[in-house]
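Asker: Have a look at this one before I ask anything.
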Amino acid sequence: MTKKLYIETVGCQMNVLDSELVVASLRKNGYELTDNTRDADTILFNTCSVRQHAEDKIYSALGRLKNAKREAPHKIIGVLGCMAQKDQRLIFERAPYVDLIVGPGQLHQVPQLIAGIAAGGGPRMEVSLGRTEGARAEIERSHESFDPLRDPEMRPTPHQAYVRIMIGCDKFCTYCIVPSVRGPEQSRPPSQIVAEARQLAGEGCKEIVLLGQTVNSYRYQESDRRWRLSDLIYALDAIDGLERIKFVTNYPKDMTDDLLDAVGELPKCAKYLHVPAQSGSNRVLQRMKRGYTIEEYREMMDRIRARLPDAAVASDFIVGFCGETEDDFQLTCELVREQRFKNSFIFKYSERPGTRGADLYADDVPEEVKKRRNNELLAIQNEISEADNQPFLGRQVEVLVEGLSKAAEKHDDPAAQQVQLTGRTRCDRIVVFDGNRRQIGQVLPIAIVDANAHTLFGTVVTQHVGPELFTLKA
Ligand code: SAM
Ligand code: SF4
């Protein structure tokens, strides 16, 4: 008999991929998805710990399930991912009706753990070793990369897929919880990555997005060959059927020339780089232990602009980090104005217990100052994004069609032929246009007619096909 699974995912692309793989493995064990917790036999939350807000959301969602569990005690409630690894038994204490806690390095065990609980085995917790709980090799082994065979049905679109090339992180930026919850940095063997990409291309996947916390730090020694990210994307570019390759997120210090040259040379490689700066002030960067100065970041941007003049660059910023003064913040604004990023993800600093930042520094920037700096920086970025989108008016761009636009998804009428579609250009700009469902997954020429800070609007360029002439032969 089929059982019903409800799964909610918060956080980054890694979590989206993890959920896809967990769902695929549970499907093989007789589960099908439901979009409401009422019908579900199993309810899973795949969680994030990067900011407090993401954790609060999950604890409130768990709180709302208290009565549901009392009324239907057979329902299995599980917490997966980074918050499971970080909080561990605390989750059982705060929500005693939770049955399952599984860290990101143990997700391969989920089907078997759920089966054990369903059989009456009681609550289970499986987490990996902490960063100081053993020798490095032992800790590495306890964080298993969860990359089973893919199930194409489980992807949000069959034409795009995330491919993990690394797990973990060794950078230990002082604000960040990722190295503790995702474990040591480990690169996957290139042969495995290439085989997975070939399989995806064979299933009709047009775009792959390579994932790693610091994706450009990828290194792998395979027999006598040392692989870098540039070597890997050369190998992936040669796969028939694939049309686009992207990789996120980059670490500024590892943005080497061989990688920039590969991005420039390889036709399938998106001309888009996400390289978070985090702050424009050396004083803050040093406290964050980012490992570079703002002069070094600028030098890296100069190399990107020189080698890839048409590439779009995106960044992340944290505002209100411990001790950030108004002068520090103004240096960040200056950097954004000067570098004209395509877009920036801006976050208010959220203190994470267990990080060096929480131990060393006081979270001393008041919430309303963080909020104001966030809005100010966002306004600067939006003005730049809007201005830099204007030159696209009247131009033709090549768009990989991803699916229905957000607006169309809300009021989708499956019988309608014409729908509003969305896709992205080679440099990751979002384009919205009217088209036909059949065009999802195709690469189309789109003429841009309008633009705001976040979106280009266009129409499909149709090539004129003249009337065909048939000669009737006697
Ligand atoms: N590995 C990627 C990197 O190094 O850029 C991304 C890691 S993190 C999941 C994504 C972003 O969240 C970071 O770039 C940073 O801007 C932000 N972030 C991380 N820790 C944070 C914290 N404690 N408070 C606020 N933002 C944070
Ligand atoms: Fe966190 Fe820094 Fe690692 Fe990115 S590089 S995951 S911000 S520790």
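Asker: Enter the accessible area per residue of the range 236-303 (Å², integer; probe 1.4 Å; all protein chains in place).
Answerer: Accessible surface, normalised per residue, equals 35 Å².
Asker: Here is a follow-up. On a 1.4 Å probe surface of the protein chains, which of T9, T422 comes out largest in accessible area, and what is the full order?
Answerer: From most accessible down to least: T9, T422.
Asker: Under the Karplus relation 6.51 cos²θ - 1.76 cosθ + 1.60, θ = phi - 60°, what is the ordered set of whole-Hz ³J(HN,Hα) values for the range 111-127, x standing for Gly and Pro?
Answerer: Each residue of the range 111-127 in turn: x, 5, 5, 5, 4, x, 5, 4, 7, x, x, x, x, 9, 9, 10, 10 Hz.
Asker: Name the residues whose placed amide hydrogens come within less than 5 Å of the amide hydrogen of M166, ignoring near sequence neighbours (fewer than 5 apart) on the same chain.
Answerer: When sequence neighbours closer than 5 places are left aside, the close amide H contacts are R188, L211.
Asker: Taking a quarter of the surface of the convex hull around the Cα atoms of the chain, what do you get in nm²?
Answerer: Average of the hull's projected areas for the chain equals 28.6 nm².
Asker: Using each residue's phi in the range 238-253, evaluate 6.51 cos²θ - 1.76 cosθ + 1.60 at θ = phi - 60° and report the 3J(HN,Hα) Karplus result to the nearest Hz, with x for Gly and Pro.
Answerer: Karplus-based 3J(HN,Hα) across the range 238-253 equals 7, 7, 5, x, 6, 10, 9, 10, 10, 8, 9, 10, 8, 9, x, 5 Hz.
Asker: Over the heavy atoms of H159, what accessible area does a 1.4 Å probe trace out, to the nearest 10 Å²?
Answerer: Approximately 40 Å² for this residue.
Asker: Can you give the accessible area per residue of the range 1-97, in Å², using a 1.4 Å probe?
Answerer: That works out to 47 Å² per residue.
Asker: Do any cysteines in the chain lack another Cys Cβ under 4.7 Å, and if so which?
Answerer: So, C12, C48, C82, C169, C205, C269, C322, C333, C427.
Asker: Counting only protein heavy atoms and using a 1.4 Å probe, what share of the accessible area of the chain belongs to carbon plus sulfur, as a whole percent?
Answerer: 51
Asker: Any chance you could get the radius of gyration and Dmax over the Cα atoms of the range 92-147, in Å?
Answerer: 12.9, 36
Asker: Taking amide H positions as placed in the peptide plane 1.01 Å from N, state which residues far from A277 in sequence (5 or more) or on other chains have amide H under 5 Å from it.
Answerer: Amide H neighbours of A277, under 5 Å, 5+ apart: D316.
Asker: Filter K57/K348; K268/K410; K28/K206; K246/K342 down to the pairs with a C-alpha to C-alpha distance above 21 Å, please.
Answerer: Result: K268/K410; K28/K206 exceed 21 Å.
Asker: Charges at C-beta only: +1 for Lys and Arg, -1 for Asp and Glu. How large is the resulting dipole of the chain about its Cα centre, in Debye rounded to 20?
Answerer: Around 720 debye, computed over the chain.
Asker: Calculate for the chain the 222 nm mean residue ellipticity that helices alone would give, adding -39,500 (n - 2.57) per DSSP H run of length 4 or more and normalising by residue count, nearest 500 deg cm²/dmol.
Answerer: My calculation for the chain gives -10000 deg cm²/dmol from helical runs alone.
Asker: Rolling a 1.4 angstrom probe over the protein heavy atoms, how many square angstrom per residue are accessible across the range 336-444?
Answerer: Here the residues of the range 336-444 average 54 Å² of exposed surface.
The values are calculated or read from the model by the stated rules, or taken from the named source; none is laboratory data. In this text the structure is predicted, and so the values were computed from the model without any measurement. Methodologically, a virtual Cβ is constructed for each residue, glycine included, from the backbone with ideal geometry; neighbour enumeration extends over all protein chains shown. These accessible areas exclude ligands, DNA and RNA; they are computed on the full protein's heavy atoms, side chains included. Shrake-Rupley method; radii C 1.70, N 1.55, O 1.52, S 1.80 Å.
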